[in-house]
Amino acid sequence: MTPTLNYALTGVVLFSVGLSGLFFCAHLLRKILSVNMAGSGVFLVFVALARRQPDVPPDPVPQALVLTGIVVAVSATAVALALFRRLTHEPAEEPHG
């Protein structure tokens, strides 16, 4: 097996595990982690597809997309974790009146 195929297969496995965790886990934090795992699998597949031939340099466009996706994924994870924390750690306020 070539390293490119190993990256692609690892990405498919990570995406599959993340997707199954998203559907089968009831806990919200585990769902957030599952989405991150699925995203990491997609990033690995993109990196593997960027290398089309072994003797030429990889295509920089998928690499740029992966770097942008990592930044977006970190930001989305931060927002999701902040919402999760607010949902689970603060008591609900009672309405006045």
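With distances taken between every two different alpha-carbon atoms, the chain has a Kirkwood hydrodynamic radius of 15.4 Å. Remark: the Arg52-Phe84 segment gains 7.5 nm on full extension, using 0.36 nm per residue and subtracting the alpha carbon distance.
Just so you know, all these numbers are worked out from the coordinates, no wet-lab data involved. Keep in mind that what you see is a predicted model, and the values were worked out from it rather than measured.
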